[in-house]
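Note sheet for the following structure.
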Amino acid sequence: MTPSEGPVAWIRLAEIPGVGLETARKLLTIFGLPENIFAASPSALRAALRDLVPERIVAALLAPTTADTQNLIARTLDWMAQPGNRVCTLADADYPPQLLNIPDPPLMFYAKGCFELLAENAVAVVGSRNATAQGIKNAEQFALALSRAGLHTVSGLALGIDAAAHRGSLQGNAESSDTGSTIAVIGTGIDIVYPARNRELAHQIAAAGCIVSEYALGTPAIAANFPRRNRIISGLARGTLVVEAAAQSGSLITARMASEQGREVFAIPGSIHSPLAKGCHKLIRQGAKLVESAQDILEELTPYLATVPDRQEANNLTDAKEATGLLGALGFDPVDADTLTQRSGLEPAALSAELLSLELDGSIEVLPGGLYRRVG
């Protein structure tokens, strides 16, 4: 079967109520391809599926294709006719090998953009939607460094860390054709951008990277679909990096799935006072690798890489201002102005001027309660 053939029977199978991945695998184990299921006689189908699936599913398999499914098939074929759009099924020879090796690969998925990226080396970068300025910067800088090392970034096109990781990868990809790009795995139909404010980012990813979804065209944003798609995010990657995550973050689901898939899990530590560091610290206690630079990830993934860049090139998080001046006095935890006055020896007026300057150039952020925290 070539990539342009045969999605019709797969779509029809996927749209039958009650046929999830487990039931579909049982059917395909017996019949080989969806076409063979629908071509089987009622007696042969019932005999083969006796005691394996409920009778209602057998009846649904024997029933004519519904009008809704026929409409979806027609829309999908029209969508596939557009340049860069593709439906990939388990029967396709170029189904991404990394994804094929997870316990529950999707029966079929939709891809928009550079499909070839899905078979290449990648790192998943995930984290909080309500990320701090520091978390956003970390995600962008790590993704940029990974891109420069030739690795793609996989994430979920959500606000916060996901969007930052995609932007960092796109920045690296714009520098050279030899760099890595980015892959967005979404929880809606591939014809829907969610959240809407990431529409422009989605267009950029479709042009320079790839967007992937296992959900049929027109599938809206349903809460249960997002945790489920996380297995694809981790499944397409050699390892998963969690940048920021609360104790009950959905990013921890992606990390758990990565671990269950036999992939590496990385986490960036943070302040003990930050709620968004608690998830990362939990992962580190459970065995995730603590990372301070992209080089730490590259060294772990050396078996998959032809070359590992010099540490100085890979670590893009170093700021020359860190070791001296007011940033040195600020440290790494939130601090108030009175404490900074004592640490720095500056007069209040001079301190205020420097704090304003650092805030304007993005080196610090102001927190509720009049506290200051470093960014970068």
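Quick look at the values:
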read-out: VAL154 part of a loop (DSSP other than H, G, I, E, B) and not hydroxyl-bearing (Ser, Thr, Tyr); value: no
read-out: Residue list for segment 23-60, restricted to those being of a type outside the set (Lys, Arg), out of contact with any Ser or Thr (no Cβ under 8 Å at 6 or more places or on another chain) and touching a residue at least 24 places away in the same chain (Cβ under 8 Å); value: THR23, ALA24, LEU27, LEU28, LEU33, PRO34, GLU35, ILE37, PHE38, LEU52, PRO54, ALA60
read-out: Residue in segment 93-106 that is nearest to HIS166 (Cα to Cα), counting only those that are among the hydrophobic types (A, V, I, L, M, F, W, C) and open to solvent by 20 Å² or more (accessible area, probe 1.4 Å); value: LEU100
read-out: Helices (runs of 4 or more DSSP H) contained in segment 1-95 and holding at least 1 residues closer than 19 Å to SER213 by Cα; value: 7-14, 21-31, 67-80
read-out: Residues that are in contact with a Lys or Arg (Cβ under 8 Å, 6 or more places away or on another chain) and at positive phi, drawn from segment 78-114; value: GLY84
read-out: Sole exception among (1) open to solvent by less than 40 Å² (accessible area, probe 1.4 Å); (2) modelled with pLDDT of 90 or more; (3) among the small types (Gly, Ala, Ser) for ALA74, by number; value: (1)
read-out: Single unsatisfied condition, VAL123 versus (1) farther than 24 Å from GLY156 by Cβ; (2) in contact with a helix residue (DSSP H, G or I) (Cβ under 6 Å, 6 or more places away or on another chain); value: (1)
read-out: Segment 28-43: number of residues that are open to solvent by 30 Å² or more (accessible area, probe 1.4 Å), of a type in the set (Gly, Ala, Ser) and over 24 Å from CYS88 (Cβ atoms); value: 2
read-out: Checklist (1) open to solvent by less than 10 Å² (accessible area, probe 1.4 Å); (2) in a loop (DSSP other than H, G, I, E, B); (3) aliphatic (A, V, I, L, M); (4) over 23 Å from LEU100 (Cα atoms) applied to ALA202, failing item; value: (2)
read-out: Members of segment 44-61 found to be surrounded by fewer than 17 Cβ atoms within 10 Å (Cβ to Cβ) and closer than 18 Å to THR29 by Cα, listed by number; value: ALA44, ARG46, ALA47, ALA48, ARG50, ASP51, LEU52, PRO54
read-out: Some residue of segment 172-183 being in a strand (DSSP E or B), over 20 Å from ARG231 (Cα atoms) and at pLDDT 95 or above; value: no
read-out: Sole residue being over 19 Å from LEU117 (Cα atoms), of a type in the set (A, V, I, L, M) and within 12 Å of the chain's Cα centre (by Cα), chosen from ALA223, ALA255; value: ALA255
read-out: Of residues in segment 267-325 being closer than 23 Å to THR179 by Cα, polar (S, T, N, Q) and open to solvent by 30 Å² or more (accessible area, probe 1.4 Å), the one modelled with the lowest pLDDT; value: THR318
read-out: Members of segment 116-141 found to be assigned to a helix (DSSP H, G or I) and more than 22 Å from ALA247 (Cα to Cα), listed by number; value: GLU116, LEU117, LEU118, ALA119, GLU140, GLN141
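Rundown of residues vs (1) crowded, with 24+ Cβ neighbours inside 10 Å; (2) under 17 Å from LEU117 (Cα atoms); (3) out of contact with any Phe, Trp or Tyr (no Cβ under 8 Å at 6 or more places or on another chain); (4) of a type in the set (Gly, Ala, Ser), yes/no style:
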site: ALA139; (1), (2), (3), (4): yes, no, yes, yes
site: ARG148; (1), (2), (3), (4): no, yes, yes, no
site: HIS152; (1), (2), (3), (4): yes, yes, yes, no
site: ASP162; (1), (2), (3), (4): yes, no, yes, no
site: ARG167; (1), (2), (3), (4): no, yes, yes, no
site: SER181; (1), (2), (3), (4): yes, yes, yes, yes
site: GLY189; (1), (2), (3), (4): no, no, no, yes
site: ILE233; (1), (2), (3), (4): yes, yes, yes, no
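To keep it simple, each residue is scored yes or no on (1) in contact with a Ser or Thr (Cβ under 8 Å, 6 or more places away or on another chain); (2) of a type in the set (A, V, I, L, M, F, W, C); (3) touching a residue at least 40 places away in the same chain (Cβ under 8 Å).
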| residue | (1), (2), (3) |
| --- | --- |
| GLU116 | no, no, no |
| ALA122 | yes, yes, yes |
| VAL126 | yes, yes, yes |
| ASN130 | no, no, yes |
| ALA133 | no, yes, yes |
| ALA145 | yes, yes, yes |
| LEU157 | no, yes, yes |
| ALA174 | no, yes, no |
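The values are calculated or read from the model by the stated rules, or taken from the named source; none is laboratory data. Please read these numbers as outputs of a predicted model, since none were measured by experiment. Using ideal geometry, Cβ is built from the backbone for each residue, glycine included, and neighbour counts are taken over all protein chains shown. What goes into the accessible areas is simple: the full protein's heavy atoms, side chains included, and nothing from ligands, DNA or RNA. Shrake-Rupley method; radii C 1.70, N 1.55, O 1.52, S 1.80 Å.
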